[in-house]
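The values are calculated or read from the model by the stated rules, or taken from the named source; none is laboratory data. These numbers come from a predicted model, not from an experiment. Here the Cβ is made from the backbone with ideal geometry for all residues, glycine too, and neighbour counts use every protein chain on show.
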Amino acid sequence: MTALTHREGTSLLNELVNWMGSATTEPDIRIEEYVDGDRHVIRADMPGVDPNKDIQLTVDGAVLHLRGERRAEKHDEHRTELRYGSFERLITLPRGTRPEDVTAEYTDGVLTVSMPSSSTEEARVIPVTHREPADG
């Protein structure tokens, strides 16, 4: 039996299996979240993305929608492990986050989104009223 090998001597089958395995388990964009003083911070690694054309951030309720696209560069012959194409992440925001309090900055391939870490709104108890059925 003959094994297919890549120029560097690695098996193409092993590369394919590794690529397929990671494609199903890894998110398109990796993030980290942390609290820095009074700010909740979300950082996303996004190298090779033009923030003016390829990133869209929206806040819908308590969810941050991060959408974008990493565009492939054209090369004659190449090997790549980079992922290209559209991506989307939905990230739950701290309770009470208002869209106008969210800021975003893109520097050196990293998108940093920041907002107040705690809400001034407190949980509110809603009283339950009970109505007796009408005799009819």
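Within the range 41-72, how many residues turn out to be more than 21 Å from S114 (Cβ to Cβ) and part of a strand (DSSP E or B)?
Looking only at that region, the number is 2.
Might you check whether a residue that is among the β-branched types (V, I, T) and either in a strand (DSSP E or B) or touching a Leu at 6+ places or on another chain (Cβ under 9 Å) (or both) occurs anywhere in the range 73-84? Step through it out loud before you land on a result.
Here is the first cut: in the range 73-84, the ones among the β-branched types (V, I, T) are 80.
Still in the running and either in a strand (DSSP E or B) or touching a Leu at 6+ places or on another chain (Cβ under 9 Å) (or both): none.
Checked the range 73-84: no residue is among the β-branched types (V, I, T) and either in a strand (DSSP E or B) or touching a Leu at 6+ places or on another chain (Cβ under 9 Å) (or both).
Might you check whether a residue that is surrounded by 13 or more Cβ atoms within 10 Å (Cβ to Cβ) and in contact (Cβ under 8 Å) with a residue 40 or more places away in the chain occurs anywhere in the range 66-74?
The answer is yes; a qualifying residue exists.
Yes or no, residue by residue, for (1) surrounded by 12 or more Cβ atoms within 10 Å (Cβ to Cβ); (2) of a type in the set (F, W, Y); (3) within 29 Å of R39 (Cα to Cα); (4) modelled with pLDDT of 90 or more:
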position: I55; (1), (2), (3), (4): yes, no, yes, yes
position: T58; (1), (2), (3), (4): no, no, yes, yes
position: E81; (1), (2), (3), (4): no, no, no, no
position: I91; (1), (2), (3), (4): yes, no, yes, yes
position: E100; (1), (2), (3), (4): no, no, yes, yes
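For the range 112-129, does any single residue satisfy the condition of being part of a loop (DSSP other than H, G, I, E, B), surrounded by fewer than 11 Cβ atoms within 10 Å (Cβ to Cβ), under 26 Å from the mean Cα position of the chain (by Cα) and modelled with pLDDT of 80 or more?
Within the range 112-129 (the criterion being part of a loop (DSSP other than H, G, I, E, B), surrounded by fewer than 11 Cβ atoms within 10 Å (Cβ to Cβ), under 26 Å from the mean Cα position of the chain (by Cα) and modelled with pLDDT of 80 or more), the answer is no, since none of the residues qualifies.
Quick check on my filter: what residues within the range 85-111 are without any contact (Cβ under 8 Å) to a residue 12 or more places away in the chain and not in a loop (DSSP other than H, G, I, E, B)?
Selection gives E100, E105, T107.
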